[in-house]
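S.K.: Before I ask anything, here is the structure I am working with.
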Amino acid sequence: MSKRLPITQKPAEGYGPRSSGTFSQDNYHHPAAGWGAAESVSLVLLRNHKLIDGARAVINMNHENGGYDCPGCAWPDDRKGLRLDICENGIKHAIWEMTRKRATAEFFAAHTVAELSNWTDYALEDAGRLTEPLRYDAATDQYVPLGWDDAFALIGRHLRSLASPNQAAFYTSGRLSNEASFLYQLFAREFGTNNLPDCSNMCHEASGRALTAALGTGKGTVDLIDWEKTDCLIVMGVNAASNAPRMLTSLAEAYRRGAQIVHVNPFIEAASTRTIVPHEIMQMATFRSTKIGTLNVQPRIAGDMALMRGVAKYVLEAARTDRQAIDRRFVEAYTSGFAEYEALVSATSWEELERQSGVAKAEIQELGSVYLKSRSTIITWCLGVTQQEHAVETIREIINVLLLRGNIGREGAGPCPIRGHSNVQGNRTCGIDHRPNEASLARLDKACGINSPRAFGLDTVRVIPAMMRGDVKVFVGMGGNFARAAPDTACTFAALQKCNLTVHVSTKLNRSHLIHGRDALILPSIGRTERDHGKYGLQGVTVEDSMSMVHLSFGMKEPASPQLRSEAAIIAGMAKATLSNTKTPWDDYGSNYDLIRDKMDEAIEGFECFNRRVRQPMGFRLKQPARELVFHTPTGRAEFSTRPLGNAIPPAGKLVLGTMRSHDQWNTTIYSNNDRYRGVRNLRTLIFMNEDDMKERGLRKYDLIDVTSFAKDGSTRVVRGYRTIPYRIPRGSVAGYMPELTQLCPIGDYSVNSDQPLMKHLIVTVTPSDSQADGKMLSESGKNGEMRVHTTIHSM
């Protein structure tokens, strides 16, 4: 059965701050970070009246001695004693959390949900920190306060009333600590379900599956020491200046010691040109920048696999005359499938590689030459690679290239996925996984005395249709903004509204709280920057960074309200109220995290002696077997992949759209309508286009356009009244901002190998718009960016 859902939304009234002036776009020609970042941070501190607290936040961020871990990205902490291991976006995120504004009971008494639904997402979060538990009251269309015990009891009643535990889903964002992640999955599994969708399902699921298939481990093998030793960095689908700004320090250091730095991206981003690292005082004082790129390669969107196969073809052809081109000793001793892969590459023509990648043969060979000349290479990637239809195959091809020259398991070499949120990798390590393996479940059951379900649970793209069908009736979200982050906005909104109960654990008001079930709770938690005072004293939580380092984090500021509770305490309260015959000491776990860590060292491989090891300076690194050339694959070797090339070329007359962040946002949190590194001011409803593609359609800069996406099931989704921005991007590729354009991503269109939504691989048309709205009033009029969607929801 299918159901058509007509819906109209106005993103111009639902995302960034309301426009207060004209918009503009001019190309950015300055170094990344530097004085631009310093000015941006200063303005944020001034606007939020946080000069003193902000300075303390800066000093205490990412420090091993009682500091707190940056609530932004997952880039590893400096290991050389750097005092200011910080970045612009991390400071913005911390100050956003430390706001003086409060969304109190009085605030909610003054505003109905219907009224708040017309606020922008920026305005919702700008209302301030949540201060007490809230329940939706249908009679008044308002959220009203209730006590913690009553909130937990309500959750318990709903969950116990379900016909099956699989009628509940427990979503996780990357903000959750290791301890809270462990408790959350323990709660879900003791309750009886593996329905644990998480944000990894939308970002790096492809990385985990590709790395596991190729190397037997779902994580990268390198650490920061390898970054300090490598001869060559190939950076794919990463805009470091916005997504992992502290990476700029490593890029600058690599350039100074003579390493080659190749950026592979449809865009030439600011992070691929020059930087002034703010903590380098002399460089700041003299405005002296450092190059952070030696070569830019611009494939079409989804052309990365063909590009990497082209590099492999160059290496294999060079091996005919150069015996050192391939590390044959490594290949013979540690890999499987080389002969088949060599034959596949040989049979792939240069013409096909050029056509699919969108890169000329000479450019591919130039990249191949850089790779061939390096003694050690790291290839690093982010969502520009993982959110494609053929992402798993592309990452397997990256591993193939590394294997050819033995760039696994030695200093300065290896694969390195760049995770986004600060503990998204730790979530998965600690059990947030809808497809758990038997060994991990058996160890959990033995340690905790439970009987975990064995059937796989629902991930993000499957939980939304399940809610639509009524198969999932309770949705619990730990952090994040699921309604905005998930694909197919129309479908996601409707699915959440069909639930009997929605529960969101949050620090601030966001759109997900307004797209609620018949019954709904908002549970306020303390933030990463805040002290966690438990019954047993000040508590610290742990996180795992992108390179598998685990370390402690202690908040520095008193909580925004005395009624806030920690994420661990909230999970413990929900579990205790739900599980009638539980033997798990939930009260103790909710107030003493050493007890959680003691249990984790029994339950999770790699966390042995957890409490002792995490208190070492800088914490400890989780062991990666592939780093030691131990491959937990069926053959016991690293596996070459022989997947056929994916088709990256859009149908005639259509384009491929990739969604992305602006610089002035973090995930779904938007700080302003500006995008400094792309030269955009006061505009978010835009599409970056190749100038020739614009001319072909009779379009000029700032013209109003409609963007239509085409789903595999034949349905279409349209956003109207966007603006064209000419940009240096390959023909056939266009780009725009999430979460605005997430609504164009069909829920039924996802990678068959990763199950990730195709956020960066949408087939679209761009046409002149019927809208005549004045661009100066984009955010005020509501006539721009209007979305009309007819979505077909199919059973999955």
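The values are calculated or read from the model by the stated rules, or taken from the named source; none is laboratory data. What you see is a predicted model, and the numbers here were worked out from it, not measured in a lab. Glycine also receives a Cβ, built like all others from the backbone with ideal geometry; neighbour counts cover every protein chain displayed. Heads up: the accessible areas ignore ligands, DNA and RNA and are worked out on the full protein's heavy atoms, side chains in. Shrake-Rupley method; radii C 1.70, N 1.55, O 1.52, S 1.80 Å.
S.K.: Using the beta-carbon distance between Ala138 and Asn581 and R0 = 22 Å, what value does 1/(1 + (r/R0)^6) give for FRET efficiency, to the nearest 0.05?
M.R.: Efficiency, rounded to the nearest 0.05: 0.10.
S.K.: Which whole-number percent gives the relative contact order of the chain, counting Cα pairs below 8 Å spaced six or more residues apart?
M.R.: After rounding, I find 23 percent.
S.K.: How much of the accessible area of the chain, in percent, comes from carbon and sulfur atoms when a 1.4 Å probe is used?
M.R.: Carbon plus sulfur share of accessible area: 50 percent.
S.K.: Can you compute 3J(HN,Hα) from phi for each residue in region 145-154, using the Karplus curve 6.51 cos²θ - 1.76 cosθ + 1.60 with θ = phi - 60°, rounded to whole Hz and x for Gly and Pro?
M.R.: The phi angles translate into x, 8, x, 4, 4, 5, 5, 5, 4, 5 Hz.
S.K.: Once phi is turned into θ = phi - 60°, what whole-Hz ³J(HN,Hα) does the Karplus curve with 6.51, -1.76 and 1.60 give for every residue of region 245-250, x standing for Gly and Pro?
M.R.: x, 5, 4, 4, 4, 5
S.K.: Would you mind checking which residues have amide H under 5 Å from Gln756's amide H? H placed 1.01 Å from N; only 5 or more apart, or other chain.
M.R.: Close amide H contacts, sequence-distant or interchain: Ser751.
S.K.: Please calculate the 1.4 Å probe accessible area of Glu351, with all protein chains present, and give it to the nearest 10 Å².
M.R.: 120
S.K.: Got a sec? Charge dipole of the chain, +1 on Cβ for Lys and Arg, -1 for Asp and Glu; which of Ile747, Thr584, Val656 is way out at the positive end?
M.R.: Toward the positive end, the furthest listed residue is Val656.
S.K.: Separate question: For Rg and Dmax of the Cα atoms in Å, several values are listed as (1) 50.6, 181; (2) 25.1, 80; (3) 35.9, 122; flag the one computed from this structure.
M.R.: (2)
S.K.: While we're on this one: Assuming a ≥ b ≥ c are the square roots of the Cα gyration tensor eigenvalues, decide whether region 125-206 counts as rounded (a/c under 1.5), prolate (otherwise, with a/b larger than b/c) or oblate.
M.R.: oblate
S.K.: From Cα pairs below 8 angstrom and at least 6 apart in sequence, can you work out the relative contact order of region 597-676, rounded to a whole percent?
M.R.: On the way: 43 pairs, mean separation 9.1, N = 80.
Value for region 597-676: 11 percent.
S.K.: Multiply the residue gap between Lys361 and Asp471 by 0.36 nm, knock off their C-alpha separation, and tell me the result in nm, one decimal place.
M.R.: Contour length minus the Cα-Cα distance gives 34.5 nm.
S.K.: Not counting ligands, DNA or RNA, and with a 1.4 Å probe, what is Trp586's accessible surface area in Å² rounded to the nearest 10?
M.R.: Approximately 10 Å² of Trp586 is accessible to the 1.4 Å probe.
S.K.: Quick query: amide H of Thr131 versus all other amide H atoms, modeled in the peptide plane; which residues come in under 5 Å with a sequence gap of 5 or more or a different chain?
M.R.: The list, which skips near neighbours in sequence, is Ala103.
S.K.: Further question on the same structure: Decide, for region 582-701, between rounded, prolate and oblate: order the square roots of the alpha carbon gyration tensor eigenvalues as a ≥ b ≥ c, take rounded if a/c falls under 1.5, and otherwise choose prolate if a/b is larger than b/c, else oblate.
M.R.: Verdict is oblate for region 582-701.
S.K.: Something else now. With the cut-off at 1.5 for a/c, could you classify region 175-326 from its C-alpha gyration tensor as rounded, prolate or oblate?
M.R.: Here region 175-326 falls in the oblate category.
S.K.: Given a Förster radius of 30 Å and the C-beta distance between Arg613 and Ile225 as r, what FRET efficiency does 1/(1 + (r/R0)^6) yield to the nearest 0.05?
M.R.: Step by step, r from the Cβ atoms, then E = 0.95.
S.K.: Output ³J(HN,Hα) for region 617-624: one whole-Hz value per residue in order, computed from phi by the Karplus curve 6.51 cos²θ - 1.76 cosθ + 1.60 with θ = phi - 60°, and x for Gly and Pro.
M.R.: So the Karplus estimates, Gly and Pro as x, are x, 6, x, 8, 9, 5, 5, 10 Hz.
S.K.: Here is a follow-up. For region 553-570 and region 294-361, what is the separation of their C-alpha centers, rounded to whole Å?
M.R.: 51
S.K.: A further question on this structure: Using alpha-carbon pairs under 8 Å, 6+ residues apart, how would you state the relative contact order of region 595-738 in percent?
M.R.: Relative contact order comes out at 22 percent.
S.K.: Turning to a different aspect of this structure: Arg256 to Gln324: extension gain in nm, 0.36 nm per residue of separation minus the Cα-Cα distance?
M.R.: Contour length minus the Cα-Cα distance gives 21.8 nm.
S.K.: Return the long-range amide H neighbours of Thr507 (sequence gap of 5 or more, or a different chain), with a cut-off of under 5 Å between placed amide H atoms.
M.R.: Ser525
S.K.: Assuming 0.36 nm per residue, please report the length gained on full extension of the stretch Lys701 to Thr112 beyond their Cα-Cα distance.
M.R.: Roughly 208.0 nm would be gained on extension.
S.K.: Kindly report the accessible area of the chain per residue (heavy atoms of protein chains, probe 1.4 Å, no ligands, DNA or RNA), in Å².
M.R.: 35
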